[in-house]
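Reviewing the structure listed below.
The values are calculated or read from the model by the stated rules, or taken from the named source; none is laboratory data. Keep in mind that this is a model prediction, so the values were computed, not measured. Neighbour counts run over all protein chains shown; Cβ positions are idealised from the backbone, glycine included. Heavy atoms of the whole protein, side chains included, go into the accessibility calculation; ligands, DNA and RNA do not. Shrake-Rupley method; radii C 1.70, N 1.55, O 1.52, S 1.80 Å.
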Amino acid sequence: MGVARYWREIPQRYNLMGTKCKSCGKVYFPPKAICPSCRRKSVGKMEDYKLKGTGTIETYTIIYAPPPYFEGEEPYAIALIKMDEGCNMMGQIVDCELGEIHIGMKVESCFRRIEEDGSSGAIQYGYKFRKAE
Amino acid sequence: MREVAVIGSGVTKFGELWDKSLAGLVAEAGISAIMDAGIDGTDIDAMYIGGMSAGRFVGQEHLGSLAAEVSGLSELHISSTRVEAACASGGLALHSGYLAVASGAYDMVVVGGAEKMTDVVGKEATNILASAADREWEAFLGVTFPGLYALMARYHMHKYGTTSEQLAKVAVKNHYNGSFNPKAQYNRKITVEDVLNSTMVADPLHLLDCSPITDGAAAVVITSLDKAKEYAEEPIKILASAQASDSISLAGRSRLDALPATTAAASKAYRQAGLEPSGIDFAEVHDCFTIAEIMAIEDLGFVNKGEGGKAMDEGLTELDGKLPINTSGGLKSKGHPVGATGIAQIHELILQLKGKADKRQIEKAEVGMAHNIGGSGGTAVIHIMEAI
Amino acid sequence: MEKAGIVGYGGYVPKYRIKADEIARVWGKNGKSVSAGLGVYEKSVPGIDEDTATISVEAARRAVYSSGIDPKEIGAVYVGSESHPYAVKPTATIVGEAIGATPDMTAADYEFACKAGTAAIQTCMGLVISDMVKYGLAIGTDVSQAAPGDALEYAASAGGAAYIIGKDNMIAVINETVSYTTDTPDFWRREGEPYPGHGERFTGEPAYFRHVISSTKKLMNKMGTESPDYTYAVFHQPNGKFPMRAAKRLGFSKEQMEEGLLSPIIGNTYSGSTPLGLSAILDVAQPGDRILVTSYGSGAGSDSFDITVTDKIENYPRNNIRKMIEDKVYLDYAFYMKHRGEFK
């Protein structure tokens, strides 16, 4: 991934910075320029909002055939998580026996290495999720 | 808006076609459709070509112009447009062509779809396919395209008790149907055990739950219904052509056990055709993964939500069942050259509607539906057709 | 001169472990005698997606959260490690961004083998006492590597701890710090080389012991103290034996050393070693407790600190590193290699 492309999303990748619609109060991640519920009414009313990072697993899968950047890490788990704020996020589940992962499991975000552009390129950090304490 | 009909169609063989190039496939399908329609190049007003990612598979963009050149039509300077909606590129190309004819803007339109996926290695093809998903918030994090459908499969299994065996039955049925299709990538029959024993790709989807990487192209010729009667003995009327969009990311969907885009497009299509789901005799649905077919027959209104698995146990959608689904072998056995799939589905509907499906001909084939999906459900395109 | 001290702290050890027995099994050694000889029974292994930056962020976030300070008031971030993810591009800015301290701060990465973290603490003390910053964040973290089959493999492990240094609301005051530094080539790693080289037995007396003992004696002379004056003592822990031998020679008892000795159960976290050992002590310390800390970094040098715990620690939410360490998963050698990224 190009460095500028990764860099502009650091507030999201490191700190789960989303948006909240000042019109209806709904929280979105990644940030949205316009609220899907309020649409026109929300233009100019979307403010930065940092998600807590806690949520519940809605569904999950275990990836056995990884894409290029993730070779050597398989098998690993990916889940769709309903965050406490109401929006969904996708992310890897780490530090957990694959067999332990279940729908309804409570998770919290953590800071991990996501990808790297080979051994001489930049490293991309971001969020993954682990079992909540 | 005037009525539109198909007067000719053609597909190439689907498979790992090492000796065929993208341009070659486009020409083969296009010429075959034009010959089938019995029209001359000078009759054509416009072309629409669906292709998902020729740029990354073979480094080629600008497919509208490429298609014009390889079809021998460049000197005629017809309107030629590339359409992209990931795996729904073909269906969307037809919808675009349909609107052009229905509106009266163009009279005779060739619509095709093509994808050349085997010039890159498997892993690279998989990576390219992931651009149908949300690159920043899904693919970047390590989820693969099978992974997205696996997430939906696990949710469906959790909510409705759908089983891996029921998923496998989709693959078994489609391979059985495909064994009668000489153009299909795979002609071999498989069993439920074969599916369950195949390598796990993204839990709970096994290798045989997933459609393959394929090269291929398909094309149809459409014109107004009135004009069609001049050209074809049996024009095939397009009763409905509908498209719906939804969030590209799975996280942005309103539900995980269905593709709301399918239901929305279906609703538009049924209304346009003046039909209920019970009015459909057979359908080609988008079985990129076995779970997709199970969700599709629910979302299209053929069975209740959650009962797609049960329908497999009851054989509802078998070749000799009450509602045959994917008589061509589906994406699973016929193959899934991404941009071509939507048009290849139409070709199968035409064969069945005309009684020309040979060993896989179904008894009652008066009204057929084609259901084509882009990505994990970001786009849905539905066509309903009948023989007149 | 005003004093600076610890306003917040946090530590992190990855979840995975490999037993010395298991490493010995692969190399045909007697696990029991290796672990008994080293005093290290198992070591921490990072997740395949963990590195010095991610561990530093975890430790720093814990320190910021438990101290309750506004991260925007952190004016300096220093991360000490010998396994920074980049040779050029600081870990400190990644940490600064991840805790919300940017952009009004200074930052740099430190390297001084295993004492880079305590060097960072000293720097932050200077910045705080001189009023150049309100809070300084000093972190020592490593995901240390050793050549497979090398003696160092039994102990080279992963972990880190972060310290917020300031002048107000200190949970522990740093009364004094001294250092003892020489050019001693006991252990090193050349640019571009994946694994360090070392002088084997030379790493003992002329290196570790000379510097740890000299620095500690220098500190106690300056403070006018003797070993029994301290409630706790913690030294750099390359294994379980060296710190106890140094303790004996300096007159510290097993009871004084126990709480801060983590290497038998997590191995040598290099730049994280002394900082994590101190964090284990802060997890249980009471107001008035006095702590002596001496780090050691090959190359070589030791930093010593004389610390007194304040009553503010009573309401401080302790990190509880031993509880985190107990939540562990064992790996066999193949998975250990996979976690180290050997198969990527």
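Miscellaneous remarks
- Between C:E82 and C:S271, the built amide H atoms are under 5 Å apart, and every one of these is 5 or more places off in sequence or on another chain.
- Compared with the direct C-alpha span, the chain from C:K254 to C:V88 gains 55.6 nm at full extension, assuming 0.36 nm per residue.
- In summary, the aspartates and glutamates within cross-link reach of A:K20, defined as a Cα separation below 16 angstrom excluding same-chain residues under 8 places away, comprise A:E47, A:D48, A:D84, A:E85.
- Loop-located chymotrypsin sites (Phe, Trp or Tyr not before Pro) across the range B:1-69 with a Cβ neighbour count of 13 or fewer within 10 Å are B:W18, with loop assigned by DSSP.
- Modelled spin-label separation between B:E230 and C:F335, with each label point placed 7 Å from Cα along the Cα-to-Cβ direction: 7.4 nm.
- Residue-wise HN-Hα coupling along the range C:127-143, computed from phi with Karplus coefficients 6.51, -1.76, 1.60 (Hz; x: Gly, Pro): 5, 6, 4, 7, 6, 6, 9, 7, 10, x, 10, 10, 10, x, 9, 8, 10
- Zone residues, the range C:217-257, relative to C:R201, backbone N less than 14 Å from point 7 Å out along Cα-to-Cβ: none
- Student exercise, the protein assembly as shown dipole from Lys, Arg, Asp, Glu Cβ charges, in Debye to nearest 20: 1800
- R0 of 45 Å, Cβ-Cβ distance B:L76-B:S245: FRET efficiency to nearest 0.05: 0.85
- For C:K248, the lysines whose Cα falls under 23 Å of its own Cα, not counting residues fewer than eight places away in the same chain, are C:K115, C:K217, C:K218, C:K222.
- Think of it as helices only: each DSSP H run of n ≥ 4 in chain C is worth -39500 (n - 2.57), and spread over all residues that comes to -9000 deg cm²/dmol at 222 nm.
- Placing +1 on the Cβ of every Lys and Arg and -1 on the Cβ of every Asp and Glu, with no other charges, gives the range C:1-337 a dipole of roughly 740 debye about its Cα centre.
- Alpha-carbon centroids, the range B:187-239 and the range B:240-272: separation in whole Å: 20
- In this label model, A:K52 and A:E71 are separated by 4.2 nm, measuring between points 7 Å along each Cα→Cβ vector.
- The range B:67-110 and the range C:34-50 have Cα centres separated by 64 Å.
- Interface area, chains A and C: about 1900 Å² of buried accessible surface, summed, with a 1.4 Å probe and ligands, DNA and RNA left out.
- Looking at the range C:1-337 alone, DSSP beta bridges between its own residues are antiparallel in about 65 percent of cases.
- A Förster distance of 30 Å, applied to the separation of the beta-carbon atoms of C:A108 and C:D327, puts the FRET efficiency at 0.35.
- For the range B:338-388 versus the range C:247-318, the gap between their alpha-carbon centres in whole angstrom: 73
- Structure note, pairs B:K229/B:K354; A:K50/C:K89; A:K128/C:K89; B:K169/B:K322: Cα-Cα distances above 20 angstrom occur for A:K50/C:K89; A:K128/C:K89.
- Under 5 Å from the amide H of C:A4 lie the amide H atoms of C:I174, each residue being 5 or more positions distant or on a separate chain, with H modelled from the backbone and absent for Pro and chain starts.
- Ranking C:W27, C:G47, C:S66 by Cα position along the charge dipole of the range C:1-112, where only Lys, Arg, Asp and Glu carry charges on their C-beta atoms, puts C:W27 farthest toward the positive end.
- Nearest-ten-degree value, helix B:260-273 long axis tilted from longest Cα axis of chain B: 40
- Gaussian network model of chain C, springs between alpha carbon atoms under 10 Å - residue of C:N30, C:N239, C:N319 with greatest fluctuation: C:N30
- Most positive-pole-ward Cα, B:L17, B:A67, B:G301, against dipole of chain B from beta carbon charges: B:G301
- For chain A, built as a Gaussian network whose Cα springs stay under 10 Å, the top-fluctuating residue of A:G91, A:G53, A:G121: A:G121
- Exposure rule at most 14 other beta-carbon atoms within 10 Å, DSSP loop GluC sites (Glu not before Pro): chain C longest free segment: C:3-190
- Considering only beta bridges that DSSP places wholly inside the protein assembly as shown, some 75 percent are antiparallel.
- Accessible solvent surface per residue of chain C, calculated while the other protein chains remain in place, 1.4 angstrom probe, Å²: 38
- Distances between placed amide hydrogens fall under 5 Å for B:A240 paired with B:I384, all partners being 5 or more residues away or on another chain.
- 3J(HN,Hα) along the range B:109-123, derived from phi through the Karplus expression 6.51 cos²θ - 1.76 cosθ + 1.60 where θ = phi - 60°, amounts to 10, 9, 10, x, x, 8, 8, 10, 9, 9, 7, 10, 6, x, 4 Hz, with x in place of Gly and Pro.
- Protein heavy-atom accessible area occluded, A/B pair - total, 1.4 Å probe, Å²: 2700
- Here's the picture: charge each Lys and Arg Cβ at +1 and each Asp and Glu Cβ at -1 in the protein assembly as shown, and of C:V95, B:V381, B:I34 the one pushed furthest to the positive end of that dipole is C:V95.
- Residues of the range A:49-63 that bury at least 50 Å² of accessible area when the other protein chains are present, relative to the chain alone (probe 1.4 Å, heavy atoms, ligands and nucleic acids excluded): A:T59, A:Y60, A:T61.
- Net charge contributed by nearby residues that have their C-beta within less than 14 Å of C:E82 (K/R +1, D/E -1): -4
- Ligands, DNA and RNA left out, the accessible area of the protein assembly as shown computed with a 1.4 Å probe is 50% carbon and sulfur.
- Rounded to the nearest 0.05, the FRET efficiency derived from the C-beta distance between B:E314 and B:Q272 at R0 = 30 Å is 0.50.
- With Cα atoms, 0 to 90° folded angle of helix B:290-299 axis to chain B main axis: 70
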